[in-house]
1. Order by neighbour count: 402, 229, fewest other Cβ atoms within 10 Å first, most last.
2. Would you mind listing how long segment 535-705 runs along its three principal axes, going by Cα atoms, in whole Å with the largest first?
3. Of all DSSP beta bridges located in segment 535-705, what percent are antiparallel, nearest 5?
4. If one takes the longest principal axis of the Cα atoms in the chain, at what angle in degrees, from 0 to 90 and to the nearest 10, does the Cα axis of helix 551-565 lie?
5. Compute the helix-to-body angle for 91-110: its Cα long axis versus the longest principal axis of the chain, expressed 0 to 90° and rounded to tens.
6. Tell me, what is the FRET efficiency for residue 506 and residue 691 to the nearest 0.05, using R0 = 45 angstrom and their Cβ-Cβ distance as r?
7. Using a simple spin-label model with points 7 Å from Cα along the Cα→Cβ vector, what separation in nm is obtained for residue 393 and residue 530?
8. Is segment 66-202 best put as rounded, prolate or oblate by its Cα gyration tensor, with a ≥ b ≥ c the root eigenvalues, rounded for a/c under 1.5, and otherwise prolate when a/b is larger than b/c, oblate when not?
Ligand SMILES: Nc1ncnc2c1ncn2[C@@H]1O[C@H](COP(=O)(O)OP(=O)(O)OP(=O)(O)O)[C@@H](O)[C@H]1O
Ligand SMILES: [Mg+2]
């Protein structure tokens, strides 16, 4: 059987499938088993059997509660599910099941086999909704060639006439979504300029107005709430949609509803209906205006209705006369209606795109540009000979409907913001990058979609974890952000030397407030850790045995003060210890310069005995307060009674990461000092003592901490 590629307009209320025929140079809409172009996007799951389309819609009409409709608007929403026959279904699963059955029906009706498919989505769909649509297609067993925006698809189908340059506005009001897109069409080239929309605004909201009206009237007449009768409510939904459609051609109609043994009959008029739905229509006008504002801003010149050459109506809801009337009022001219089938134009463009995906170019037979242009000005055309046009995949340049940003700390370092990286209406497939200097194992980037600076107003797309950076180093990392041709977000990263890093997306179920609370907690922990790591503790041990009297102790005090002066005392905490037969703390973990000088001045001979019976390292090395850089500086002028205890203690201290500097004057045993020191012990002349202490201070800075301490 012939394998073909198709375009699928997966609509909120109706879906259509089409294929491009190379032989004919045009698109053929593929009919369903009812001989229709469009199939209701309704699914019925009853006792294990699945029905879709007309059959499912009939079930819905007869009040079968095992039916689901309008699930497209819930696509990608992990908090939404439908309960059918006691089982839970996400919108993605329902779409997958629906597509599988729709495709089966199309295949058997048309005796074809389907290979790849382009599926359309509202331009305003965000990343999650697009990805859910791709997965739904795959669940249905389709090879998803591409996801394409519905209005862009309509322009491909309508706009490629090879004529003069023009700006086309596509007004797409379907069953569940509204999109407005403005594109510049020049020959075979399509550049989308701006797009806007609301994926919760469509024909169903117009239905809802009638449903509410009938519900209220029924309640005031019989005191019965139809909401309490699910079957009757399903039936009412279908009846109100039918009435709404009728009001597009007649001035009034009657809706009848039977519920709880009562029969209500209500007349609805187009005039009332138009009044009641005006706020819905007005929202579409506002969205068009903000689309114009965005183009004005991008082009730096005014852009409005007078810059629009043609308005194209797409979607079944544009059949409501109020839509055309509004366009005439705002635009001053009627929209193009000739040769446009509002129900199938989206699938038609998607079919062309499907062929473009596999062949990279298509040759199209169209009415000549002369006829297209005359249609624009007069609404009618003289028959002219068709022309052929060759269109390349690269001729179609789409844009993104949502800004892409990342969660970032604001410049006040107190609050979090959505820092925008790719602006709304930017071309898809163009990478943007941000550079970071980072040290650590994992850089986590939270990607958001939305226009607001406040992250709480944005959608969380995902958390990207970037790993593989060189260890113990500050790395320069370039993170690239891209909307691919499906409008789906891609994030990757590399080092500044081009080495590609691993970046994985974690779909987070955390809410924005949970994420921000966690980031704040992590930031606080990191600050505390940095503070902990940046602290340096020094034990300054000064021999105060009898031999130190006179000049020696005076020079020792002077050298100790010079030593203190070398440090940034915001980070360095010093204990001054006097030792002889015992040891004594003159101050403990002090970082106030005045108090440190005072403690040093307090160091005096015979403080703690006359001889050197003490083992100061052994008795004190465990008294550091935390696991930060720790240093012992010992100054002595003589031989200690118990060298071996001190050597064992010094070895243990060093094994624990403590750095020891031994400085000797007078009769000090240099070999012993070397044994207890981390490097070589030093014996110096008294006149050199200050300079030696300064050297030790700078060695602590460079060797222990790795940077300046001032
Ligand atoms: N004659 C009509 N008058 C008013 N509304 C109509 C008429 N015909 C169809 N509609 C409405 O058009 C909508 C369906 O349009 P369409 O098939 O373009 O939407 P869709 O593709 O299912 O939805 P979407 O594009 O939002 O996902 C339904 O709400 C339907 O009631
Ligand atoms: Mg549609």
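All of the numbers you see were taken from the coordinates with simple rules; none came from a lab. Only a predicted model underlies this, so the values are computations on that prediction, with no experimental measurement involved. Cβ atoms come from the backbone with ideal geometry, glycine included; neighbour counts cover every protein chain shown.
1. Numbers: 402 25, 229 17.
Listing 402, 229 from fewest to most nearby Cβ atoms yields 229, 402.
2. Computed over the Cα atoms, the extents are 35, 33, 26 Å.
3. Details: 5 of 27 bridges.
Taking every DSSP beta bridge with both residues in segment 535-705, the antiparallel ones total about 20 percent.
4. 10 degrees
5. 40 degrees
6. Values: r = 57 Å, r/R0 = 1.26.
About 0.20, to the nearest 0.05.
7. Label at residue 393, label at residue 530, 4.6 nm between them.
8. Numbers: a/c = 2.57, a/b = 1.54, b/c = 1.67.
Oblate is the answer for segment 66-202, as a/c is 1.5 or above yet b/c matches or exceeds a/b.
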